[in-house]
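Visitor: Just passing along the structure, written as structure tokens.
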Amino acid sequence: YRDPTYGDIVCGFYPIFDSNGEPVALVGLDLATSDIRSNITAFVIAIIIIILAGSLIAGRLYYSFLSKEVVNPIRHLNDVAKNITTNLENDTTPQIDIHTQDEIEELSGSYLKMYNDIKGYIAENAAISAEKGRIDGELEVATQIQLDMLPRNNPAFPEHKEFDLYATMSPAREVGGDFYDFFMI
């Protein structure tokens, strides 16, 4: 019932029985619900604060874990990858110190393998280019020697006006195997 002084009041009664099972007394209890509500509200607020604080602490710990174990190693690998051309130009192997025992560590190993493979391909390409340059130079000298062996006087026989003679050689590749000459018999 509602009391003007105490507010909402809950009443409860329970009979007390003797050894023969006969009721001998009646116990009654009046409780003001405002006290119960304030206690429940305080308890719920305390639980919410504890849950929020626990969630914030757990979130911070999870963020620290992710930062240390995932984000920082990926950032480090990204920085190393950004400097790949500098490392290749300076002929320095990048220093990758990632020990996370997971896919990120495996990725760093793959990156180092890729770096060493690229470095090997560059060295191989440089050797092939140098060899090609040497061969091209030798072929150019051979072409010039061959061309110098062919007659170049034009007209071939200036004292003979009754005929005109001209010849050219176009090799299929840099150097051909055909030679020619002309002379008066």
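The values are calculated or read from the model by the stated rules, or taken from the named source; none is laboratory data. What you are looking at is a predicted structure, and each value in this text was computed from that prediction instead of being measured. All Cβ positions, glycine included, derive from the backbone under ideal geometry; neighbour counts span all protein chains shown. For accessibility, only protein heavy atoms count, side chains too; no ligands or nucleic acids. Shrake-Rupley method; radii C 1.70, N 1.55, O 1.52, S 1.80 Å.
Visitor: Scan segment 1-103 for GluC sites (Glu not before Pro) in coil per DSSP, keeping those whose Cβ has at most 10 other Cβ atoms within 10 Å, and list them by number.
Guide: Taking segment 1-103 and a limit of 10 other Cβ atoms within 10 Å, no loop GluC sites (Glu not before Pro) are found.
Visitor: Tabulate in residue order the Karplus-calculated ³J(HN,Hα) for segment 43-52, using 6.51 cos²θ - 1.76 cosθ + 1.60 with θ = phi - 60°, rounded to whole Hz; enter x for Gly and Pro.
Guide: Rounded to whole hertz, the list is 5, 5, 5, 4, 5, 4, 5, 4, 5, 4.
Visitor: Pull out the extension gain between Asn90 and Val27, defined as 0.36 nm times the separation in residues minus the alpha carbon to alpha carbon distance; nm, one decimal.
Guide: 13.2 nm
Visitor: Here is a further query. How many lysine pairs are close in the chain, with Cα atoms under 26 Å apart and the two 8 or more places apart or on different chains?
Guide: Lysine pairs satisfying the spacing and distance rule in the chain number 5.
Visitor: Mind checking which of Asn78, Thr168, Met114 is farthest towards the positive end of the chain's charge dipole, using Cβ charges of +1 (Lys, Arg) and -1 (Asp, Glu) about the Cα centre?
Guide: Towards the positive end, the residue furthest out is Asn78.
Visitor: Filter the trypsin sites (Lys or Arg not before Pro) in segment 96-185 down to the DSSP loop ones having no more than 15 other Cβ atoms within 10 Å, then list what survives.
Guide: Of the trypsin sites (Lys or Arg not before Pro), the ones in loops of segment 96-185 whose Cβ has at most 15 other Cβ atoms within 10 Å are Arg152, Lys161, Arg173.
Visitor: Please list, in order along segment 78-87, the HN-Hα scalar couplings obtained from phi with the Karplus expression 6.51 cos²θ - 1.76 cosθ + 1.60 (θ = phi - 60°), rounded to whole Hz, x for Gly and Pro.
Guide: Result, ordered by residue: 5, 4, 5, 5, 5, 9, 4, 5, 4, 5 Hz.
Visitor: Another question, then. Can you send over the carbon and sulfur percentage of the accessible area for segment 31-185, probe radius 1.4 Å, protein chains only?
Guide: 61
Visitor: Below 8 Å, C-alpha to C-alpha, sequence gap of six or more: please give me the relative contact order for segment 106-185 in percent.
Guide: RCO, segment 106-185: 26 percent.
Visitor: Which loop-located chymotrypsin sites (Phe, Trp or Tyr not before Pro) does segment 107-185 contain, where loop means any DSSP state but H, G, I, E or B and the Cβ has at most 14 other Cβ atoms within 10 Å?
Guide: Within segment 107-185, the qualifying chymotrypsin sites (Phe, Trp or Tyr not before Pro) (loop, at most 14 other Cβ atoms within 10 Å) are Phe163, Tyr166, Phe179, Tyr180, Phe182, Phe183.
Visitor: Now, a different point. For segment 17-26, in order, what is each residue's ³J(HN,Hα) by Karplus, 6.51 cos²θ - 1.76 cosθ + 1.60 with θ = phi - 60°, in whole Hz (x at glycine and Pro)?
Guide: Rounded to whole hertz, the list is 10, 8, 5, 8, x, 8, x, 10, 8, 10.
Visitor: Here's a follow-up. State in Å² the accessible area per residue of the chain; use a 1.4 Å probe, count heavy atoms of protein chains only, and round to the nearest integer.
Guide: 80
Visitor: Taking R0 as 45 Å, what FRET efficiency do you get between Glu124 and Ile50 from their Cβ-Cβ distance, rounded to the nearest 0.05?
Guide: FRET efficiency, Glu124 to Ile50: 0.10.
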